[in-house]
1. Check which residues have an amide H placed less than 5 Å from R167's amide H, if you skip close sequence neighbours.
2. Give me the tail of P(r) for the stretch 100-144 as a percent: Cα-Cα pairs with distance above 15 Å.
3. What length, rounded to one decimal in nm, is gained on full extension from E9 through to D117, with 0.36 nm per residue of separation minus their alpha-carbon distance?
4. If the chain between S16 and V206 were fully stretched, how many nm would it gain, using 0.36 nm times the residue separation less the Cα-Cα distance?
5. What list of ³J(HN,Hα) couplings, whole Hz, do you get for the stretch 15-30 from phi and the Karplus terms 6.51, -1.76, 1.60, once you set θ to phi - 60° and write x for glycine and proline?
Amino acid sequence: MEDTYEVNEQLLTTCSQWLGVHPLHLTSSDLMSKWGFGDGDAVADFYSVLEALGYVEPYNDGDNAAADYEVTDRILAHLVHDLLILPLASRGSVVETRIWGTSHNPIRRHSVNGIVDADVPEISTRVTPEDLASATTKALASDAYPTMAAPEVPSAHEAGLVALVGRHVEIYQFLAGPDDDPVMGTLVAVTPEDLTVLSLRFDGVVTVVPRTTVRYVQTGSLTTAEEDLFERTFQ
């Protein structure tokens, strides 16, 4: 379970004021660019605000300048993680990122659903004061960057998927060619630990399908609500 952090009300007010002057939007395509997220400076100016509040040391142009930049790089990383990576994962696009020690964009895509340098699906979001205050609180609490990985499937999805065991499904995968037949069969098991694997039986043979490779699930035997569950889980 992800750690929880209590956001200071003063910080929240300050974030609201700062975003009123510096509105901030994050776009997933920036994960693919060296110059993404304002060349990595999307929240760089926020350092002076944190300095005025006494949350960080005065900016240092000398030997510790890199350490100062890391504070705002971590804030940006938490924003990207919470507002882009997690929503993408919930839609079936697991984006693995790399943190770069650079004066440009420090957060870049490595792979999408295991495919190196694959395109990141396009989503965009506006950063709210609550988003910025939460990311800042996390960045100040730890020097660690957030883990850029898929979240656990929500419990409602887990219960729903387990309930579908025994149904016939057809699964289309990212790694298959456009003309390849889907993997099809009866859903016989969902790995309970992290729901990363589906097992299907067809003509007596069990096929294991990694959940992160699933592009689309089609079936004629599900109710509308069950089909919606698959779409929200895999797409």
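Just so you know, all these numbers are worked out from the coordinates, no wet-lab data involved. Remember, it's a predicted structure, so these values are computed and weren't measured experimentally.
1. For R167, the qualifying residues are L187.
2. 67 percent
3. Gain in length upon complete extension: 34.8 nm.
4. Here the segment from S16 to V206 would lengthen by 63.0 nm.
5. 3J(HN,Hα) across the stretch 15-30, in whole Hz: 4, 4, 5, 5, 5, x, 9, 10, x, 10, 10, 10, 10, 5, 4, 5.
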